[in-house]
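All remarks here apply to the structure that follows.
Read-outs: derived from the displayed coordinates by stated rules, not from any lab. None of the values given here were measured: they were computed from a predicted structure. Neighbour counts are summed over all protein chains in view; Cβ atoms, including those assigned to glycine, are modelled from backbone coordinates with ideal geometry.
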Amino acid sequence: MVKSIYENPHAFRFESVEIKTDRTTKTIDAFRITSELTIYEHIDKPFITGRIVFVDIDPTFALVDKVHFLGTEKIKVKIRTNESEKFTITKNFIVTEVISSIKNPDGQEVITLDMIEDVAYHSSLMRVSKSFKGTKDEIIKKLIEGVERELLIKRNADITGDKLTKLIVPNMHPLEAANWIKDRTYTSDGFPYFLYSTIADDKLRLLDLKTILNEKAMNRDTLDYTYSMAFAQQSKEFTSGVRNDIFKPIDIHREAFTITSVSQRNVESHLQLARMGMTSSQYNFIDTTTGNNIKVEHDMSKKYLSMIENQVLRAEADTFYPVYDHNFRIGKKLEEFDKFSTREITHFATSRQFNDFADTESYQEGKTVSDHEQKVQAKSLRHWLLKSALTIQLPGKNFLMKEKNMTIGNIIRCRFLANVEPAKNMTEKQMTDLKKSGEYMIYSARHQFTNQQYHVTMDMGRLGTRGYGIH
């Protein structure tokens, strides 16, 4: 029986890499000289980007001579990771820049190109300067339709966008304007919204953080993604007395759930967040029309307690213990974090800009204290989400599927072993790194196709952990 090339969890195949320009009717399929392709997804971007490397060493092909790159070339890539069409995706990019073109004396050349999703290129050439009225998600949808894209909304019932908003988009392109409005969109309990594009399809998604955190982890019913290649390969004989299922002989399926590298840099910056006013601070929202000053006393500790009470942070997801330290004390009086108001921040906004001000609000307008509290909380949660961020690399097998987003905006469950020597009869808890293990939200993903290997590097964030330290 012939072994499938896709049995390796890193396996992929370029079905085609078509290059086309409107300067000619010809299409060039350059998949044979494609050395590397990287596709980037980010939850704060309503488009994806890419970078591709061609090694133009075939004199019969002569890519550069045929194309003459000018920064308007269309590149359509089709990638497969399984025999099934379900695991084949097609993405359309347009070249934005020739990053480098290195030519040797023999006439061979290596070309590196930056690319952007075609919808973003199209949007960037447009200019929107007009007024809109409606709920915020309705306005975002209108802007997205302007670049011929479908918007998927998993709508929280208490979105602040239920209030009619009237605004003028000030000379932005459609995706830029949609992202600008998204930044002013949050739930009534202060959770921010994200507007993003994925590798899976050509749709854009609008989703709030609370809904994401309440979702079931993608791998909850299968295997945890585990950083333990050496332990996974241990024999059953050595581990027969261990009361957990971490140690199993490795196979292709399990290898797909093996984290190949992990790193953390510039994290746990509690003091920096405090100095930014993300722990406790005072906000003044001054209405220049009425002269009123709405004061908001921001206290992140209360927000975290609320998230625990409402089961946003919960033991089931291993996020029960906040990344905010409620127990920290300092000074002679041993005062807590929330006793220090580190910043006073003042915002000026105009109300009653339009004749129908009784029924609508402008972009920055807030009529009550809670309106502005939600704004501050949403901003703070974006920062706290990345306080304990983690970067991991995995085989790509589980993260590419047609019409189904498997990366950003999803929850992933990971397990890391504690820094102890394994022994028989150890419990799962004793063998688990309680700080790093648990559920994370995927914030960004980098899909790398190179050297016949496909792997995904993810930046992940969380608001709570499985353990609180020193036990």
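Straight Cα distances below 18 angstrom link K74 to the lysines K20, K26, K66, K91, with same-chain residues fewer than 8 positions distant left out. Comparing Cα centroids, segment 1-32 and segment 90-153 end up 22 angstrom apart. With only Cα atoms counted, segment 126-213 has Rg and Dmax values of 12.5, 36 Å.
Suppose R0 equals 45 Å. What FRET efficiency, 1/(1 + (r/R0)^6) with r the Cβ-Cβ distance, do T342 and T290 give to the nearest 0.05? Between T342 and T290 the formula returns 0.95.
Per-residue extension of 0.36 nm, minus the Cα-Cα distance of E421 and T222, leaves a gain of 69.0 nm for this segment.
Listed cross-link partners K45/K387; K163/K404; K303/K367; K136/K387 are compared with a 23 Å cut-off, the Cα-Cα value being larger for K163/K404; K136/K387.
Label sites at N171 and D114, each approximated as a point 7 angstrom past Cα along Cα to Cβ, lie 2.3 nm apart. Using a cutoff of 8 angstrom between alpha carbon atoms and counting only pairs six or more residues apart, the relative contact order for the chain works out to 18 percent. Of the beta bridges in segment 126-213, as assigned by DSSP with both residues counted there, near 80 percent are antiparallel.
Dividing the summed helix terms, -39500 (n - 2.57) for each DSSP H run of n ≥ 4, by the number of residues in the chain produces a 222 nm estimate of -4500 deg cm²/dmol to the nearest 500. Put the Cα centre of segment 402-428 next to the Cα centre of segment 299-358 and the gap is 29 Å. Note on segment 286-392: Rg/Rh from C-alpha atoms, Kirkwood Rh, equals 1.07. Here the extension length gained between V267 and E138 equals 42.8 nm, from 0.36 nm per residue of separation less the Cα-Cα distance.
Bin width 5 Å, origin at 0, all Cα-Cα pairs of segment 322-471: what percent of pairs per bin? Each 5 Å bin holds this share of Cα pairs: 2, 7, 11, 12, 12, 12, 13, 11, 9, 6, 4, 2, 1, 0, 0. Quotient of the Cα radius of gyration of segment 5-122 and 2.2 N^0.38 Å, N being its number of residues: 1.10.
When Kirkwood radius over Cα pairs in Å is computed from the coordinates, the matching label among (i) 22.8; (ii) 26.0; (iii) 25.0 is (iii). Estimated at 0.36 nm per residue, the fully extended path between R32 and T72 surpasses their Cα-Cα distance by 12.2 nm.
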